[in-house]
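Here's the structure, in structure tokens; my notes come after.
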Amino acid sequence: MKTAILCGGQGTRFREVSDVIPKPMAPIGPCPILWHIMKIYAAHGCRDFVLLLGYKGDVIRDFFLNRAGNTRAEPSRDDSNCLTFYQENSEPWQVTLVDTGEKAMTGARLWRGRRYLEGEAVFGLTYGDGVGNIDIGGLQKFHQSHGKMATLTGVHPPGRFGELVVKDSRVVKFQEKPQTTHYINGGYFIFNAGVFGRYLNDREDLVLEREPLQRMAEAGELMMYAHEGFWQHMDTPHEFELLNNFWKSGKAPWKIWK
């Protein structure tokens with residue numbers, strides 16, 4: 001399964017880092033969060049990536065051309081967007097870098113990468129700022145089982161506040177920021193290729209999470225794969241620090257590779 005990754009946003013709530021580098025290049029340990037996301041997919045056998053670039057996309061391009069995991073890549077003779085890793089110890093990945101524009105929104109970015117995706121029966125899509133111990137194989141099987149246009153992964157976000165259980169004004173239980181019980185969109189999508197003809201276009205302000213997904217939901221074409229394990233996005237400096245602390249502990253829950 002080819003996998004597209006949205007890497008073009010400006011990270012406006014993450015200015016401490018995104019003013020210098022794009023958010024997908026923010027380091028978790030020695031490698032950018034983008035590398036971690038790709039390792040999650042590769043652990044499930046998905047090694048063909050289409051990176052949808054925009055803001056500071058040259059930084060991501062430079063990473064893969066010159067120093068991705070101490071390896072280097074070179075452009076394909078047939079298509080300069082496609083990179084081939086040629087050192088013996090390189091990741092067994094194929095990486096295609098697509099410039100989708102500085103200001104394009106998520107739906108437009110996906111549309112502008114369609115050349116590399118619409119020839120597939122299905123393809124994956126995720127954001128460049130969220131990690132989890134997602135069962136990509138289980139997600140694929142679920143998508144194949146229902147025959148609808150799209151599947152998103154539903155996750156439980158961490159709570160923002162501590163939870164109290166109180167009896168007669170006495171706190172009998174305190175839990176600091178427990179995981180919530182409701183689901184939110186955690187990314188890690190699978191789409192049928194028909195999504196391009198029916199729900200997407202080149203309108204620069206097209207937000208995938210608004211009109212396209214809302215229309216799919218109304219048409220009964222959007223399903224949810226429930227993920228009950230770990231998931232964490234990186235939208236603020238606090239979350240950046242949280243993920244790095246997980247990595248430093250040697251117990252990062254999303255590290256499903258050896």
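Is it true that L213 is buried (at least 16 other Cβ atoms within 10 Å of the Cβ) and in a loop (DSSP other than H, G, I, E, B)? Before the answer, list the steps.
Working: buried (at least 16 other Cβ atoms within 10 Å of the Cβ): yes; in a loop (DSSP other than H, G, I, E, B): no.
No: the conditions fail for L213.
What are the residues in the range 77-89 that are surrounded by 11 or more Cβ atoms within 10 Å (Cβ to Cβ) and at pLDDT 70 or above, if any?
First, the residues of the range 77-89 that are surrounded by 11 or more Cβ atoms within 10 Å (Cβ to Cβ): 79, 81-85, 87.
Listed by number, the residues that qualify are D79, N81, C82, L83.
State the number of residues belonging to the range 206-258 that are of a type in the set (D, E, K, R) and farther than 21 Å from K23 by Cβ. Lay out the reasoning, then the answer.
Pass one, the range 206-258, residues of a type in the set (D, E, K, R): 209-211, 215, 218, 221, 228, 235, 239, 241, 248, 251, 255, 258.
Within this subset, residues satisfying the condition of being farther than 21 Å from K23 by Cβ are 211, 215, 218, 221, 228, 251, 258.
Looking only at that region, the number is 7.
Yes or no: E74 over 16 Å from the mean Cα position of the chain (by Cα), assigned to a loop (DSSP other than H, G, I, E, B) and modelled with pLDDT under 85?
On the way: over 16 Å from the mean Cα position of the chain (by Cα): yes; assigned to a loop (DSSP other than H, G, I, E, B): no; modelled with pLDDT under 85: yes.
It is false that E74 is over 16 Å from the mean Cα position of the chain (by Cα), assigned to a loop (DSSP other than H, G, I, E, B) and modelled with pLDDT under 85.
Could you tell me which residue of the range 27-36 is surrounded by the fewest Cβ atoms within 10 Å (Cβ to Cβ), considering only residues that are within 12 Å of M234 (Cβ to Cβ) and either out of contact with any strand residue (DSSP E or B) (no Cβ under 6 Å at 6 or more places or on another chain) or modelled with pLDDT under 95 (or both)? Step through it out loud before you land on a result.
At the first step, the residues of the range 27-36 found to be within 12 Å of M234 (Cβ to Cβ) are 27-28, 32-34, 36.
Still in the running and either out of contact with any strand residue (DSSP E or B) (no Cβ under 6 Å at 6 or more places or on another chain) or modelled with pLDDT under 95 (or both): 27-28, 32-34.
On the way: P27: 16, I28: 21, P32: 22, I33: 24, L34: 24.
Per the stated criteria, the residue is P27.
Filter the range 129-144 down to the residues that are touching a residue at least 24 places away in the same chain (Cβ under 8 Å) and among the charged types (D, E, K, R), then identify the one that is surrounded by the fewest Cβ atoms within 10 Å (Cβ to Cβ).
Of the residues in the range 129-144, the ones touching a residue at least 24 places away in the same chain (Cβ under 8 Å) are 129-140, 142-143.
Keeping just the survivors that are among the charged types (D, E, K, R) gives 129, 135.
On the way: D129: 26, D135: 17.
Step by step, filter the range 129-144, then rank; the result is D135.
Can you go through K177, K173, K248, K167 and tell me which one is at pLDDT 95 or above, surrounded by fewer than 19 Cβ atoms within 10 Å (Cβ to Cβ) and over 18 Å from the mean Cα position of the chain (by Cα)? Can you show your working first?
Working: K177 fails: at pLDDT 95 or above; K173 fails: at pLDDT 95 or above; K167 fails: at pLDDT 95 or above.
So the residue among K177, K173, K248, K167 that is at pLDDT 95 or above, surrounded by fewer than 19 Cβ atoms within 10 Å (Cβ to Cβ) and over 18 Å from the mean Cα position of the chain (by Cα) is K248.
Kindly provide the set of residues from the range 222-258 that are assigned to a loop (DSSP other than H, G, I, E, B) and of a type in the set (S, T, N, Q), ordered by number. Even if it seems obvious, please write down each step before you answer.
First, the residues of the range 222-258 that are assigned to a loop (DSSP other than H, G, I, E, B): 227-230, 234-236, 250-258.
The one that is assigned to a loop (DSSP other than H, G, I, E, B) and of a type in the set (S, T, N, Q): T236.
The values are calculated or read from the model by the stated rules, or taken from the named source; none is laboratory data. Nothing here was measured: the structure is a model prediction, and the numbers come from that model. Methodologically, a virtual Cβ is constructed for each residue, glycine included, from the backbone with ideal geometry; neighbour enumeration extends over all protein chains shown.
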